[in-house]
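The values are calculated or read from the model by the stated rules, or taken from the named source; none is laboratory data. On a predicted model such as this, the values are computed, not experimentally measured, just so you know. So basically every Cβ, Gly included, is an ideal-geometry build from the backbone, and we count neighbours across all protein chains shown. The accessibility values were calculated without ligands, DNA or RNA, using every heavy atom of the protein model including side chains. Shrake-Rupley method; radii C 1.70, N 1.55, O 1.52, S 1.80 Å.
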Amino acid sequence: MCIFSSRNLGFNELENVPVEVGELLNLESLSLERNNLIGLPSTISSLRNLRFLNLRQNNITSINVGDFSRLTLLTNLNLDGNPLMDPVFGSLKKNGQVKMELNPQGQELLDKITEAYRNIPKYGR
């Protein structure tokens, strides 16, 4: 069981995050900025106390929104500087509950997805 509430693993040239990250149950803040990450393990969903996740300046092209669905306390997700290509990440915005910091291309895509989602009839969701 983790006694840490905050971990800064930025600037370490990490290429992956070990699946054991899911054992850090008390973690509220995790900074993984400026590494060489291409994704996150599904065990990230076990971090139910996580409020802040900094993934800035990595090589992440897509994220699995399902892995974030259990992170109900997450209020700040920084994905700036990642070559995100998967439009699914837009649903993480959670109606403004999650502050997302994106590069200009990501923000443009997020805006389009948000607008398209608003235009779907509620019975179709």
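Enumerate the calculated ³J(HN,Hα) couplings along segment 67-81 in order (Karplus 6.51 cos²θ - 1.76 cosθ + 1.60, θ = phi - 60°), each rounded to whole Hz, writing x wherever the residue is Gly or Pro.
Each residue of segment 67-81 in turn: 5, 9, 5, 8, 8, 6, 8, 4, 10, 9, 10, 9, 10, 4, x Hz.
Tell me, what is the 1.4 Å probe accessible area of Leu14, in Å² to the nearest 10?
Approximately 50 Å² of Leu14 is accessible to the 1.4 Å probe.
Could you give the size of the charge dipole of segment 4-49 about its Cα centre, using +1 on the Cβ of each K and R and -1 on the Cβ of each D and E, expressed in debye and rounded to the nearest 20?
In total the dipole reaches around 120 debye.
When all protein chains stay in place, what accessible area (Å², nearest 10, 1.4 Å probe) is found for Phe11?
Spelled out: Phe11, probe radius 1.4 Å, area about 130 Å².
Would you tally the net charge around Leu47, using a Cβ to Cβ cut-off of less than 11 Å, leaving Leu47 out, and scoring K and R as +1, D and E as -1?
Once positives and negatives cancel, what remains is +1.
Select from Gly81, Val65, Pro18 the residue farthest towards the positive end of the dipole of segment 1-86; place +1 on Cβ of Lys and Arg, -1 on Cβ of Asp and Glu, and compute about the Cα centre.
Val65
With a Förster radius of 22 Å, plug the Cβ-Cβ distance of Ser6 and Arg70 into 1/(1 + (r/R0)^6) and report the FRET value to the nearest 0.05.
Once the sixth-power term is evaluated, E becomes 0.65.
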